[in-house]
Amino acid sequence: KAQIFMARQFPRNIFQAEQRILDACKRKSLAETAIYRYPRGGQMVEGPSIRLAEVVAQNWGNISFGIKELEQRNGESVAMAYAWDLETNVRQEKVFTVPHSRYTRSKGLVKLTDPRDIYELVANNGARRLRACILGVIPGDIIESAVAQCNETLANQSKGPLKDRVANALKAFREQFRV
């Protein structure tokens, strides 16, 4: 209740949020990881990555999101991914089961017993569901603008947002000229 109350007391400024998102997308390091691509059935599948979804959610504001492992039992984990826009009360939630096994071409189906392997498998499966949840609560035009900005950043070899370039220039002057 407190989170909802605070979100309503301090609503997001949509224009500022969108500008923060677009500024973040001017960073080459984000732009390089913002789109996932992989071949499937003779075609290339692509879309916004979990890294882009996280940056958009953080800059959109008033959103609670994450992954929770609810239960671990006989060779499988039950987990939940969620994204909740506290301001509009729009919520996406996905509960899913992850068998503790991995298929490899050389060994076939391999049962996982190492806790780290299990954790990474659940986190990987959770990230895909979390991305879907975040993309479900953020307006589609905001996501499309972010993807377009990332593509433009890569195409134009952007040097980053203006505020980062100014900060780097000040740092260089400070180091070189002791200004």
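The values are calculated or read from the model by the stated rules, or taken from the named source; none is laboratory data. Treat the numbers as computed from the prediction; the structure is a model and nothing was measured. No Cβ is skipped: glycine too gets one built from the backbone with ideal geometry, and neighbour counts run over all protein chains shown. These accessible areas exclude ligands, DNA and RNA; they are computed on the full protein's heavy atoms, side chains included. Shrake-Rupley method; radii C 1.70, N 1.55, O 1.52, S 1.80 Å.
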(Q) Between a residue in region 12-34 that is more than 17 Å from GLY140 (Cα to Cα) and among the basic types (Lys, Arg) and any residue that is part of a helix (DSSP H, G or I) and open to solvent by less than 10 Å² (accessible area, probe 1.4 Å), which pairs come within a Cβ distance under 6 Å, given they are 6 or more apart or on different chains? (A) LYS26/THR153
Q: Say whether the condition of being part of a helix (DSSP H, G or I), open to solvent by 100 Å² or more (accessible area, probe 1.4 Å) and either of a type in the set (A, V, I, L, M) or under 20 Å from ILE134 (Cβ atoms) (or both) is met by at least one residue in region 37-46.
A: no
Q) Say we look at region 122-141 and pick out the residues that are closer than 21 Å to LEU70 by Cβ and β-branched (Val, Ile, Thr); which of these is nearest to the chain's Cα centre (by Cα)? A) ILE134
Q) So which residues in region 60-104 are polar (S, T, N, Q) and crowded, with 18+ Cβ neighbours inside 10 Å, if there are any at all? A) ASN62, SER77, GLN92
Q) In region 6-29, which residues are of a type in the set (D, E, K, R) and outside any loop (DSSP other than H, G, I, E, B)? A) ARG8, GLU18, ARG20, ASP23, LYS28
Q.
Against the conditions (1) closer than 24 Å to ARG51 by Cα; (2) surrounded by fewer than 14 Cβ atoms within 10 Å (Cβ to Cβ); (3) not hydrophobic (A, V, I, L, M, F, W, C), where does LYS107 fall short? Just the number, please.
A. (1)
Q) Is it true that ILE67 is touching a helix residue (DSSP H, G or I) at 6+ places or on another chain (Cβ under 6 Å) and either modelled with pLDDT under 95 or part of a helix (DSSP H, G or I) (or both)? A) no
